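Right, I'll just put the structure down here and ask away after.
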Amino acid sequence: MRLLSAIIVLMLSVASLAVGIALRTVWAGPDTVIKTIEIDHTAPAIVIPGSTLVSNPGRQTVTVLDNTNNEAGITLVYGRTVDLMGWLRPARYTTVLTDSTTGELYAAPRLGSQSRVPNPLNSDLWLEQFHEQGALKASLTGDQDISVAVFMDGSYPAPGTIQLSWPLDNVSPIAGFLVAAGILALVIGIVLLVMVSTDVRRRRGPRQKLPKAPKRRSPRAAMGQRRTISQPARGRRRLQRSALAIPLISVVALGACTPVSTVEPAAVVDESAATLDVTPLAPYPAVTQAQFQRIVERIANHVLMADQTLDGDMLSQRLSDPALSMRGAQYILRGYDTELGQISPIPTSPIRLLVPQQTREWPRTVFAIVQQGAEANSPAVGIVLRQETARTNYQLIYEVLLAPDVVLPAMPLVDIGSPRLARDSKLLPVSPEDTIAHYGDILSDGPDARVFSEFDVSADNLYTLVGPDGQALRQESFGSDLEMDLTIEPADQQIVALATRDGGALVFGVLRETETVRPVESGAAINATPAVRAITGEPQSSIGFEASYDMHIVWYVPAVGSEEKIRVVGYSYGLVDAAELDE
């Protein structure tokens with residue numbers, strides 16, 4: 001009986017495994033949904049909107065073929081739909097949409113006043129980009145707010161052979177159950193066989209008594225007995241065969257009734273929503289973490305090449321005022337004397353804090369704190385990037401060294417972004433532009449300034465350096481033969497104010513210190529400092545010199561009602577211009 005049970009279980013396991021494996025292989029349907037479109041057009045871009053990308057579930061794979069063998073190659077980019085459209089307008093482009101009835105792809109031309117666009121490769125706007133020759137294949141996970149664009153280099157029509165594919169789950173849900181059941185039955189059958197084998201060996205052991213010889217019976221009696229015994233045996237074999245056939249028939253019938261997966265029809269897409277004229281309901285962060293990392297590395301590498309050659313024109317491609325004026329002046333000093341000038345590379349990692357502006361318009365601003373080295377005590381630098389338009393790249397406008405052991409206020413998460421406040425915002429106890437002006441007053445007048453109580457200068461190194469005490473030390477260093485006049489006032493530069501999580505703001509601004517030095521006695525000459533001589537080209541003057549120093553400062557302005565005071569959290573200080581005084 002055990003042997004029969006083992007055989008039945010093993011046969012059931014073979015049948016279950018066979019059906020389960022067949023459902024996963026030969027009986028399985030296609031594992032990919034593929035749609036191809038050939039576009040005959042002259043537009044410089046082909047746009048695949050998010051509605052087309054998600055018309056089938058799963059990760060999207062976009063394949064582009066260039067049949068012209070153009071040396072420009074194929075460029076595929078993807079980014080937020082709003083950003084992509086901001087970059088494309090007002091150029092012509094072709095949109096790939098999904099037919100709501102058939103699920104097939106079709107092309108819809110979009111008119112525009114420009115037939116060519118700039119080369120999209122290496123634009124800071126994209127979340128990711130790909131570039132290949134002849135053929136390009138890219139896999140991504142898009143959504144309704146993400147769009148893909150295909151270009152050559154902007155001056156040629158985009159390649160017109162586009163293929164979209166999505167993975168398809170073609171495995172029957174019962175296949176796994178059948179395979180698991182088959183394996184379980186196989187284990188049970190093997191266990192039963194082992195038990196049967198053990199029982200047989202036990203019965204084959206030595207016997208204590210010889211069996212008695214059977215009594216001789218008449219042939220007719222023996223024949224009757226055999227008939228009596230054999231008939232029930234044949235009945236049992238019929239029952240056993242039936243017991244084996246019933247499960248086998250059930251398994252085969254169950255496998256035959258299992259539905260085989262087929263290609264699912266494309267989801268119906270509202271064509272009116274695929275026109276890409278999408279406006280987000282709320283502002284979003286200007287960059288992502290990965291996007292910013294790529295941008296700051298590009299800027300750092302570009303500035304490093306400009307630093308090596310002291311090329312101001314190259315520098316202006318990635319820097320804008322006020323950072324451009326200060327670093328450009330350092331180039332002049334370094335060109336005059338390699339010992340002059342302070343030129344430090346722009347750090348790229350580790351990024352300790354990233355605060356993108358929360359916006360959907362341009363210009364856009366991003367603030368980050370990057371440490372100069374992985375050590376915990378390495379100096380930290382605060383940088384501010386600005387993107388003027390969708391087609392221009394980010395430029396560095398502020399680079400300030402943060403104070404040691406500075407404690408910054410809590411900032412919004414990178415996935416949310418921070419709203420940028422206006423320069424005359426009334427949401428703060430002191431507006432950003434007034435913060436700059438008031439701090440200039442206390443540097444000039446010290447405790448006598450009317451607004452001195454607004455600021456915490458107890459640990460302010462800049463106040464110690466440039467404030468009344470610092471000015472007195474500087475006048476003392478010139479001696480009694482020279483007369484020094486010092487003025488500090490806000491410079492006409494960009495003001496950046498990003499809201500903190502507690503309702504305050506980080507404010508970036510520039511104060512310009514103008515130092516005028518004249519000889520006291522008429523006819524006496526004054527020697528120029530090496531830095532002033534490098535810019536003016538004059539070693540000395542009987543009239544005097546005027547030198548301008550810029551202070552790039554970042555303040556923390558607390559929220560309305562807070563007991564905290566405004567404090568400086570970082571700054572940069574450097575010579576930006578010098579000239580001989582007019583007679």
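The values are calculated or read from the model by the stated rules, or taken from the named source; none is laboratory data. Predicted, not measured: the structure shown is a model, and the values here were computed from it. Here the Cβ positions follow ideal geometry from the backbone for every residue, glycine too, while neighbour counts run over all protein chains shown.
Every residue, every condition in (1) modelled with pLDDT of 85 or more; (2) closer than 21 Å to I34 by Cα, yes or no:
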residue	(1), (2)
V148	yes, yes
S155	yes, no
V200	no, no
P206	no, no
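From the list L136, L88, L84, L76, which residue is in the same structural domain as I48 (by TED's automatic domain parsing), touching a residue at least 40 places away in the same chain (Cβ under 8 Å) and farther than 20 Å from N393 by Cβ? I'd like the intermediate steps shown before the answer.
Working: L88 fails: farther than 20 Å from N393 by Cβ; L84 fails: farther than 20 Å from N393 by Cβ; L76 fails: farther than 20 Å from N393 by Cβ.
Of L136, L88, L84, L76, the one residue that is in the same structural domain as I48 (by TED's automatic domain parsing), touching a residue at least 40 places away in the same chain (Cβ under 8 Å) and farther than 20 Å from N393 by Cβ is L136.
Could you check the range 489-545 and list, in sequence order, the residues that are farther than 30 Å from F367 by Cα, out of contact with any Gly (no Cβ under 7 Å at 6 or more places or on another chain) and assigned to a strand (DSSP E or B)? Break it down stepwise before answering.
Initially, the range 489-545 is screened for residues farther than 30 Å from F367 by Cα, giving 515-545.
Remaining after also requiring out of contact with any Gly (no Cβ under 7 Å at 6 or more places or on another chain): 515, 520-525, 527-541, 543-545.
Across the range 489-545, the qualifying residues are E515, N527, Q540, S541, F545.
Further question: State whether the residues of the range 519-532 include one that is within 40 Å of the chain's Cα centre (by Cα) and either under 30 Å from L402 (Cα atoms) or of a type outside the set (S, T, N, Q) (or both). Give the steps one after another, and end with the answer.
Start the filter on the range 519-532 by keeping residues that are within 40 Å of the chain's Cα centre (by Cα), which leaves none.
No, that holds for no residue.
Could you list all residues from the range 290-334 that are over 23 Å from F367 (Cα atoms), touching a residue at least 40 places away in the same chain (Cβ under 8 Å) and not aliphatic (A, V, I, L, M)?
Q330
Going by the structure shown, is S123 modelled with pLDDT of 95 or more, within 31 Å of the chain's Cα centre (by Cα) and not in a strand (DSSP E or B)?
Yes.
Anything in the range 1-22 that is buried (at least 20 other Cβ atoms within 10 Å of the Cβ), at pLDDT below 70 and closer than 20 Å to S197 by Cβ? List them, or say none.
Across the range 1-22, there are no qualifying residues.
Here's something else I'd like to know. Please state which of the following conditions T365 fails to meet, knowing it meets all the rest: (1) surrounded by fewer than 16 Cβ atoms within 10 Å (Cβ to Cβ); (2) at pLDDT 95 or above; (3) among the β-branched types (V, I, T).
(1)
Right, next: Tell me, please, whether a residue that is surrounded by 20 or more Cβ atoms within 10 Å (Cβ to Cβ) and either without any contact (Cβ under 8 Å) to a residue 12 or more places away in the chain or over 43 Å from the mean Cα position of the chain (by Cα) (or both) can be found in the range 483-490.
So far as the range 483-490 goes, no, none of its residues is surrounded by 20 or more Cβ atoms within 10 Å (Cβ to Cβ) and either without any contact (Cβ under 8 Å) to a residue 12 or more places away in the chain or over 43 Å from the mean Cα position of the chain (by Cα) (or both).
Considering each of L310, L319 in turn, give the residue that is assigned by TED's automatic domain parsing to the domain that holds L396, modelled with pLDDT of 95 or more, under 12 Å from L396 (Cα atoms) and not basic (K, R).
Result of the check over L310, L319: L319.
Counting only residues that are among the basic types (K, R) and buried (at least 16 other Cβ atoms within 10 Å of the Cβ), which one in the range 304-357 is nearest to I416 (Cα to Cα)? Walk me through it before giving the result.
Initial filter on the range 304-357 (among the basic types (K, R)): 318, 327, 334, 352.
Subsequent filtering for residues that are buried (at least 16 other Cβ atoms within 10 Å of the Cβ) retains 318, 327, 334.
Details: R318: 26, R327: 32, R334: 42 Å.
Taking the candidates together, the pick is R318.
Which condition does D582 not pass, out of (1) among the acidic types (D, E); (2) in contact (Cβ under 8 Å) with a residue 40 or more places away in the chain; (3) out of contact with any Phe, Trp or Tyr (no Cβ under 9 Å at 6 or more places or on another chain), if it passes all the others?
With (1) among the acidic types (D, E); (2) in contact (Cβ under 8 Å) with a residue 40 or more places away in the chain; (3) out of contact with any Phe, Trp or Tyr (no Cβ under 9 Å at 6 or more places or on another chain) applied to D582, the lone miss is (2).
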